[in-house]
1. Count neighbours as other Cβ atoms within 10 Å of each site's Cβ, and list the GluC sites (Glu not before Pro) in segment 181-263 that are DSSP loop with at most 14 such neighbours.
2. For Ile193, which sequence-distant residues (separation of 5 or more, or a different chain) have an amide H within less than 5 Å of its own amide H, given hydrogens modelled in the peptide plane?
3. Just read off the accessible area of Ile137 with the full protein assembly in place, 1.4 Å probe, to the nearest 10 Å².
4. Quick one: net charge of Ala257's neighbours, Cβ under 13 Å, K/R +1, D/E -1?
5. Ordering Ile117, Ile185 from largest to smallest accessible area (1.4 angstrom probe), what's the sequence?
6. Would you mind putting 168-177, 74-83 in packing order, based on average other-beta-carbon counts within 10 Å, highest first?
7. Under the Karplus relation 6.51 cos²θ - 1.76 cosθ + 1.60, θ = phi - 60°, what is the ordered set of whole-Hz ³J(HN,Hα) values for segment 71-86, x standing for Gly and Pro?
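The values are calculated or read from the model by the stated rules, or taken from the named source; none is laboratory data. Note that the structure is predicted; figures quoted are calculated from it, not measured. Neighbour counts are summed over all protein chains in view; Cβ atoms, including those assigned to glycine, are modelled from backbone coordinates with ideal geometry. Calculation scope for accessible area: heavy atoms of the full protein, side chains included, ligands and nucleic acids excluded. Shrake-Rupley method; radii C 1.70, N 1.55, O 1.52, S 1.80 Å.
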Amino acid sequence: MRKYKKPLPADYTGRKPTQRPSSFWQETDLQNKEPTLLELLEALAQPGCPICFLAARSVSRHIEAYCRDSVTDVPVRDHLRAANGYCTRHAHQFLDMQDSLAAAITYADILKKMIGIIDRTPDKDARSPIVNAIRRIFRVRDSRARPLLPERQCPACEEQQVSERRYLTGLIAHLGESAVREVFISSQGLCLIHLPVAVDLADGEKLRTLVNVQRRAWSQLRGHMNEIVRKADYRFTSERITDEERDSLLDVIERMAGKREIR
Ligand SMILES: [Zn+2]
Ligand SMILES: [Zn+2]
């Protein structure tokens, strides 16, 4: 059975101190730059797609901030109510915050709305058979269910889209700077969710850098996939799959489909 913690104290920040690579952070030149750039440098030092990393973190912080500061904020709750709560992925992420009070307040409110709607839903048989037949013939979309559907997008999904766009725009804007380009060149590039947007935003030398990094990263991954396939052949079964090749299986999924947290 899932255990819930007590509500968080009012002064709880919930944020871990940001771990920035010391070599970047200590450069005074970079300390004067915008937060997005510092975050990008931090993300580029992590394995995997930097945009997935930053988007997932933005969503986490968004949900944490909701638990900490916004549960009683009227416009924020209006949005959540209109969205019928978080989408499936983000609702489970919200639950993982283990803030029982925030979850109970939020969903009691949404349940009140849904009970009101269900109470106003007419009985199916109240509509005459002739009307039902006409609706079927003309394929009139049944509007009976519409009040039960969300009127707005999940706020965490909105936050994710905004942050993905912000970081992608920031990455391309700074890709011409040597500090960013050098780190990007030694990275594994972007996932297939974020690469198309980056390709659309970049041109000239920046586009060439994107393409070259991506080609090298994908070729390396493809090499690992080919090795796993080769070793499955009965002639080579004495050769074991290496740790690097095994890790590349998760890697290939994250690079083709994005991180689990973001899609
Ligand atoms: Zn990504
Ligand atoms: Zn969502």
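1. Those satisfying the criteria are Glu239.
2. Gly258
3. For Ile137, solvent-accessible area is about 130 Å².
4. Neighbourhood net charge equals +1.
5. Ile185, Ile117
6. Final packing ranking: 168-177, 74-83.
7. 4, 9, 7, 4, x, 5, 5, 4, 4, 4, 5, 5, 8, 6, x, 6
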